[in-house]
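K.L.:
First the structure, which I've put down as structure tokens, then a few questions once you've had a look.
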Amino acid sequence: MPFYDDLSPHEHGPDAGDAVAFNVGWLARGHAFQVGDLPLEFGDRLARLALRHPVNRMRGWQACPFCEGEYPIEVDLDGERQPVGDAAIYVAAAEGRVYAAPTLIVHYVTTHGYRPPDEFVTAVLADPRAAS
């Protein structure tokens, strides 16, 4: 998977319309990333977006650059394990901003302690598609 700095301009994939799109969670080995605590409901809401509203689906899955062995990577949602790493998600925020993240971001958050930028966290928590 390619590496993109958090909040760098998103220049790949379909046009986000009039919105300005920014990358979040495109992690890779050899590149440091933020870690830290997140609101309890964030992981569940992020998983709902990744598993129920993916875009740009690919054939096959991307492996986690930090894990060895597990393929495809699976995450829990509502007591069911489902694969991630074959698509992206777009999350809209205030002021016409859109965040583009790989579905593997759920695994990065729940397994590796990745802490996305605050504005992305706020957008995920506010996204009505992420409600249970």
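The values are calculated or read from the model by the stated rules, or taken from the named source; none is laboratory data. From a predicted model like this one, the values you see are computed outputs, not experimental measurements. Cβ placement follows ideal geometry from the backbone for every residue including glycine, while neighbour counts extend to all protein chains displayed.
K.L.:
How many residues does region 110-122 contain that are in a helix (DSSP H, G or I) and buried (at least 22 other Cβ atoms within 10 Å of the Cβ)?
P.N.:
Qualifying residue count for the region: 1.
K.L.:
Can you find even one residue in region 89-97 that is at pLDDT 95 or above, exposed (fewer than 15 other Cβ atoms within 10 Å of the Cβ) and touching a helix residue (DSSP H, G or I) at 6+ places or on another chain (Cβ under 9 Å)?
P.N.:
no
K.L.:
In addition: Do the conditions hold for residue 24, that is, is it buried (at least 18 other Cβ atoms within 10 Å of the Cβ), of a type in the set (A, V, I, L, M, F, W, C) and in contact with an Asp or Glu (Cβ under 6 Å, 6 or more places away or on another chain)?
P.N.:
yes
K.L.:
Filter the strands (runs of 3 or more DSSP E) completely within region 5-103 down to those with at least 2 residues that are more than 16 Å from the chain's Cα centre (by Cα).
P.N.:
80-83
K.L.:
While we're looking at this one, here's another question. Mind checking which pairs have a first residue in region 41-62 that is touching a residue at least 60 places away in the same chain (Cβ under 8 Å) and within 16 Å of residue 85 (Cβ to Cβ) and a second that is assigned to a helix (DSSP H, G or I) and of a type in the set (Gly, Ala, Ser), Cβ under 8 Å, 6 or more apart or different chains?
P.N.:
46/130; 49/130
K.L.:
Only one of these conditions is not met by residue 95: (1) out of contact with any Phe, Trp or Tyr (no Cβ under 7 Å at 6 or more places or on another chain); (2) touching a residue at least 24 places away in the same chain (Cβ under 8 Å). Which number is it?
P.N.:
Failing condition for residue 95: (2).
K.L.:
How do the pairs read when you match residues in region 24-37 that are more than 20 Å from residue 62 (Cβ to Cβ) with residues anywhere that are surrounded by 10 or more Cβ atoms within 10 Å (Cβ to Cβ) and among the small types (Gly, Ala, Ser), using Cβ under 8 Å and keeping only pairs 6 or more apart or on different chains?
P.N.:
Filtered contacts from region 24-37: 35/113; 36/113.
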